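The structure appears right after this line, and notes come after that.
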Amino acid sequence: MNNQDFEIKELFQKYKREIADNGFSEKVAENIRFDVIPLWSYIIIAGSMLAGIITLWFLGFWQALPHYITSFTQEVHNIIYQIPPQAILNCYIICPVLLFGVFLLLFWYFDRIRQW
Amino acid sequence: MSNFEDVKLIGKVLVLGDKRSFDQLVLRHQSPVRRFLLHLTNGDEALADDLAQETFIKAYIHLHNFKGISKFSTWLFRISYNLFYDYQRSRKDQLNEDLEVAGATIEIESDNTKELANDLELALSTLKAEERAIMLLFYMEELSVDTISGVMQLPVNTVKSHLHRSRNKMKTFLTTNGYE
């Protein structure tokens with residue numbers, strides 16, 4: 001490095017300054033949070049939950065719940081050995097699948113939130 | 001700045017999903033990245049901070065692509081330069097007026113630029129954006145020519161010739177402005 005190069009380097013080093021964070025890292029953290037969980041995922045989660053609740057309501061899941069608990073083994077037997085009626089399918093297959101899906105989505109959602 | 005510490009923090013982010021470790025990485029590297037972008041944008045603090053934020057967000061999203069061959073800081077410089085380059089391309093007409101060669105008679109207009117109005121800023125204003133980036137990485141951030149070639153995705157010889165040309169431009173400017 002010759003003399004003039006050294007002068008240029010000196011000039012650069014003279015104006016080299018450390019920039020204080022001043023909330024910059026917090027802004028980045030906030031932006032990452034919203035970037036990782038984009039709006040469309042909120043819409044999907046809310047939509048799935050709503051669809052699940054409406055479906056359960058129309059299927060009369062709550063009315064079928066006591067029956068579901070007491071005669072579970074019998075209905076499993078029926079499902080295995082004979083073609084089950086639509087109502088039984090609704091109560092024993094579709095509803096648990098929907099419920100499971102909703103809880104899975106909720107778990108995923110809260111897990112993402114928890115990380116922040 | 002320890003590269004080992006960076007690798008440890010990156011590992012925590014990738015393996016444990018520990019976001020606090022990424023906060024640590026931002027705290028460790030925000031100053032050089034923001035400084036580089038601040039000088040690159042001719043002292044436009046708001047623009048430099050926006051680009052710096054985008055840099056870290058992009059780094060977070062693509063962290064799994066960081067192979068650890070280069071330093072984390074070098075990788076960040078590369079992302080920030082690419083973002084600046086994209087920004088510059090998208091607003092080429094406007095930036096042509098603001099950032100391209102203005103000669104030694106550059107006039108300082110914005111408040112931000114006034115704050116940073118010093119010999120270095122004026123000398124840098126005489127350079128093209130690409131040349132400015134190379135000078136900043138070489139003289140201010142003290143990166144080697146090989147590393148700069150990786151950051152800017154240019155052949156080593158091109159970096160060397162840019163460096164030579166920019167140095168001469170700056171020397172001419174400084175000589176005509178009272179430096180020996």
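A few points about this structure:
- Cα-projected label distance for residue B:142 with residue B:3, points at 7 Å along beta-carbon direction, nm: 1.5 nm
- Pairs of Lys in region B:3-176 closer than 22 Å at Cα, counting only those 8 or more apart or on different chains: 20
Rule-based calculations on the coordinates, nothing more; no lab input. The shown structure was predicted, so the numbers you read here are calculated from the model rather than taken from an experiment. Please note: Cβ atoms are built from the backbone with ideal geometry, for glycine as well, and neighbour counts cover all protein chains shown.
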